[in-house]
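The values are calculated or read from the model by the stated rules, or taken from the named source; none is laboratory data. In this text, all values refer to a predicted model and were calculated from it rather than measured experimentally. Quick reminder, even Gly has a Cβ in these numbers, built from the backbone with ideal geometry, and neighbours come from all protein chains shown.
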Amino acid sequence: MDREKVRELLEAVAAGALAPEQALARLRALPVEDLRFARVDLHRSLRHGVPEAVFCQGKTPEQVVAIVRRLAEAHDNVLATRAEPAVVAALLASGLPCQVHEAARLVVVKPVARDGVGLIVVVSAGTSDLPVAEEAAVTAEAMGNHVERV
């Protein structure tokens with residue numbers, strides 16, 4: 001749940017469109033949901049402004065899809081980082097809207113353009129650094145920053 005969704009929930013209670021008990025039921029799952037193989041931080045965007053990213057290395061494609069699907073229920077711009085081809089294929093087959101960034105080894109699920117926050121310059125010293133530099137650039141863009149690559 002992000003800040004805007006909490007605000008909408010509180011406004012609905014204030015307007016009488018939602019009973020406090022119903023709002024409490026929606027907030028009950030915060031801040032962490034246990035999927036047995038992963039604990040998903042659903043409260044992170046309230047604390048930091050962006051949802052938790054999913055580090056895909058060491059997870060099966062099915063685990064990544066389950067985690068991402070849960071995050072995408074409440075958030076836009078969910079990042080799946082260090083995504084190998086099998087994970088990318090599983091995310092694309094999941095039916096979730098995905099934007100694949102091959103050079104960054106990253107998938108943005110439910111991509112939504114955000115208002116610019118600021119300018120970030122990503123500098124790479126050579127071709128071996130490009131995957132990590134591109135991962136940083138795409139991550140910054142998903143957070144609403146304008147990025148210049150050098």
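Search segment 60-77 for residues being under 21 Å from Glu134 (Cβ atoms) and modelled with pLDDT of 95 or more, and hand back the single one that is surrounded by the fewest Cβ atoms within 10 Å (Cβ to Cβ). Filtering first and then ranking leaves Val64. Could we say that Ala103 is within 22 Å of Glu141 (Cα to Cα) and loosely packed, with under 15 Cβ neighbours inside 10 Å here? In short, yes. For the residues Val147, Val121, the requirement of being surrounded by 12 or more Cβ atoms within 10 Å (Cβ to Cβ) and either assigned to a loop (DSSP other than H, G, I, E, B) or modelled with pLDDT of 95 or more (or both) singles out Val147.
Summed over segment 34-54, residues that are surrounded by 14 or more Cβ atoms within 10 Å (Cβ to Cβ) and either at pLDDT 90 or above or closer than 29 Å to Asp115 by Cα (or both) total 12. Taking first residues from segment 108-136 that are assigned by TED's automatic domain parsing to the domain that holds Ala90 and partners that are hydroxyl-bearing (Ser, Thr, Tyr) and at pLDDT 90 or above, the Cβ contacts under 7 Å between residues at least 6 apart in sequence or on separate chains come to Leu130/Ser124; Ala133/Ser124; Glu135/Thr81.
The residue of segment 78-100 that is surrounded by the most Cβ atoms within 10 Å (Cβ to Cβ), among those that are within 30 Å of Val6 (Cβ to Cβ) and more than 14 Å from the chain's Cα centre (by Cα), is Ser94.
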